[in-house]
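Student: Quick one: the structure is below, and I'll ask about it shortly.
The values are calculated or read from the model by the stated rules, or taken from the named source; none is laboratory data. These figures come from a predicted structure and were not determined experimentally. Note that each Cβ is placed from the backbone with ideal geometry, even for glycine, and that neighbours are counted across all protein chains shown. In case anyone asks, the SASA skips ligands and DNA or RNA and just uses the protein heavy atoms, side chains included. Shrake-Rupley method; radii C 1.70, N 1.55, O 1.52, S 1.80 Å.
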Amino acid sequence: MDLPTLWYLTVGTLVVATAMTLWERKAHGQRSRPLGIWAASYVVFAIGCLIAMRREAFPGVTGPALANIIMVLGYLMVLHGVRCLDGRVGIVWSAALLIALTAAWAIGGEAFPVFFWTHVASLPIALICGLTALALLRSRAVRELRSRPVAVAVFVCHGVFYLLRATVAPWLVAFYGEGLLLVLAKVTMYEAVLFTVAMPMAFMALIREEYQAQLLADSRTDFLTGLRNRQGFFEYGARALKDLAAQRPVSLLAFDLDHFKAINDRYGHDAGDAVLKLFATVSRDIAGADGVIGRLGGEEFAILLPGQDSLAASQIGEAVARGFSERAARSDGLKMTATVSIGLAEAQSHAIELAALLSAADLALYKAKALGRNRIQVATTGMVSEAA
């Protein structure tokens, strides 16, 4: 292909990428801002390409300088979109880079127009691509996504290409002659076509995978309390048990809110929901980051405590029960009496399944309810063996 065809192909690819990104934006409102910024950046790239194709029609170095500055603006917008994934911005230094680039063209562009266009103009592009790859690597929002390494690789490869164009290409041109510039231009345009295809695809893969991960997380989360639901508790809890070192203890607390139906009947379902949410809040505060908490259904909850023996788990259970009752009775809170019955089981062996450990804790919970409720009951060795 000749150079004009490659330029038009690049512009066409950018137009398609813009349309696809805007369409994707409609389906992912939670990421409308970065998707909108990326779509706008593709438009900026397309404008830069059109100016670059006609750069000789502008006086002096105005055409190449304008095309380069607009292209760099597009890369900065791409970087800004990536940083928006984590709610970060960086407008000031971006503006400073554009001002510095404009000054460089004004000072050195007239004296060395070909050298600036062919080599110097590549440096800010290489720098921004490196920063974009780094931002993707450091992003908390996409840290766990399988498509992140692909997106990072796209910008690393593109950045390395432009870094070589700025540093190695001048030596090659000096050695082989200026006839190599046409070859370099064609190689650059081929790479540009690949980049304008790979970049939007990588971004859309990130957004779609993040959305699917959020849907999966939502399906394992209890809507009312924000805790894991039964499925989420068993999946995450099973992984926590599997990752636990064999010599460390593990305990499980099973909770049942006392007389919850009576609370609903007397105060209404809104009050009942408030009680459930209060218990979830107290459980999170006391169990800490290591506790795996789940709402198993209705007024039934469980806390898996990796690394805690029955004595430590009992203290946590008592703290949850005490904190829950105190906060429910406060005059600035629910103003009601609310208690909880608790069953506690400690794993006798790391070979025990989570379902068996929960079953043992449930047996102890039933005994706590039979003994008058509002108490904690520890499962006996026989209960654990029977459940296993």
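Student: Among Leu182, Leu163, Leu101, Leu145, which is surrounded by fewer than 17 Cβ atoms within 10 Å (Cβ to Cβ) and hydrophobic (A, V, I, L, M, F, W, C)?
Tutor: Leu182
Student: Could you run through segment 334-352 and say how many residues are in contact with a helix residue (DSSP H, G or I) (Cβ under 8 Å, 6 or more places away or on another chain) and not in a strand (DSSP E or B)?
Tutor: Of the residues in segment 334-352, 10 are in contact with a helix residue (DSSP H, G or I) (Cβ under 8 Å, 6 or more places away or on another chain) and not in a strand (DSSP E or B).
Student: Residues Phe115, Phe161, Phe175: which one is in contact with a helix residue (DSSP H, G or I) (Cβ under 7 Å, 6 or more places away or on another chain) and among the aromatic types (Phe, Trp, Tyr)?
Tutor: Selected residue: Phe161, the only one of Phe115, Phe161, Phe175 that is in contact with a helix residue (DSSP H, G or I) (Cβ under 7 Å, 6 or more places away or on another chain) and among the aromatic types (Phe, Trp, Tyr).
Student: Between a first residue in segment 159-180 that is in contact (Cβ under 8 Å) with a residue 12 or more places away in the chain and a second residue that is among the acidic types (Asp, Glu) and open to solvent by 30 Å² or more (accessible area, probe 1.4 Å), which pairs have beta carbons less than 8 Å apart while being 6 or more apart in sequence or on different chains?
Tutor: What qualifies is Phe161/Glu191.
Student: Are there any pairs, at least 6 apart or on different chains, whose C-beta atoms fall under 6 Å, with the first in segment 195-220 and open to solvent by less than 40 Å² (accessible area, probe 1.4 Å) and the second β-branched (Val, Ile, Thr) and part of a loop (DSSP other than H, G, I, E, B), and if so, which?
Tutor: From segment 195-220, the pairs are Leu206/Val142.
Student: In segment 271-306, what residues are within 15 Å of Val340 (Cβ to Cβ) and part of a loop (DSSP other than H, G, I, E, B)?
Tutor: If the condition is that a residue be within 15 Å of Val340 (Cβ to Cβ) and part of a loop (DSSP other than H, G, I, E, B), then Gly298, Glu299 are the ones that fit.
Student: When you scan segment 221-232, how many residues do you find that are among the hydrophobic types (A, V, I, L, M, F, W, C) and open to solvent by less than 40 Å² (accessible area, probe 1.4 Å)?
Tutor: Matching residues across segment 221-232 total 1.
So that you can scan it fast, the table gives a plain yes or no per residue for (1) more than 30 Å from Ala141 (Cβ to Cβ); (2) under 31 Å from the mean Cα position of the chain (by Cα); (3) in a helix (DSSP H, G or I); (4) at pLDDT 90 or above:
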{"residue": "Ile51", "(1), (2), (3), (4)": "yes, no, yes, yes"}
{"residue": "Pro59", "(1), (2), (3), (4)": "yes, no, no, yes"}
{"residue": "Ala67", "(1), (2), (3), (4)": "yes, no, yes, yes"}
{"residue": "Met71", "(1), (2), (3), (4)": "no, yes, yes, yes"}
{"residue": "Arg83", "(1), (2), (3), (4)": "no, yes, yes, yes"}
{"residue": "Trp93", "(1), (2), (3), (4)": "no, yes, yes, no"}
{"residue": "Ala96", "(1), (2), (3), (4)": "no, yes, yes, yes"}
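Student: Of Glu235, Glu300, which residue is of a type in the set (D, E, K, R), open to solvent by 10 Å² or more (accessible area, probe 1.4 Å) and at pLDDT 95 or above?
Tutor: Glu300
Student: Only residues that are among the hydrophobic types (A, V, I, L, M, F, W, C) and closer than 17 Å to Phe301 by Cα: list them for segment 221-249, please.
Tutor: If the condition is that a residue be among the hydrophobic types (A, V, I, L, M, F, W, C) and closer than 17 Å to Phe301 by Cα, then Phe223, Leu224, Leu227, Phe233, Phe234, Ala238 are the ones that fit.
Student: Quick test for you: out of Asp332, Asp273, pick the one residue that is touching a residue at least 24 places away in the same chain (Cβ under 8 Å), farther than 19 Å from Phe233 by Cβ, surrounded by fewer than 21 Cβ atoms within 10 Å (Cβ to Cβ) and not small (Gly, Ala, Ser).
Tutor: Step by step, each of Asp332, Asp273 is checked, and only Asp273 is touching a residue at least 24 places away in the same chain (Cβ under 8 Å), farther than 19 Å from Phe233 by Cβ, surrounded by fewer than 21 Cβ atoms within 10 Å (Cβ to Cβ) and not small (Gly, Ala, Ser).
Student: Sticking with this one: Criterion first (over 30 Å from Ala213 (Cβ atoms) and open to solvent by 60 Å² or more (accessible area, probe 1.4 Å)) does Val92 satisfy it?
Tutor: So Val92 passes the test.
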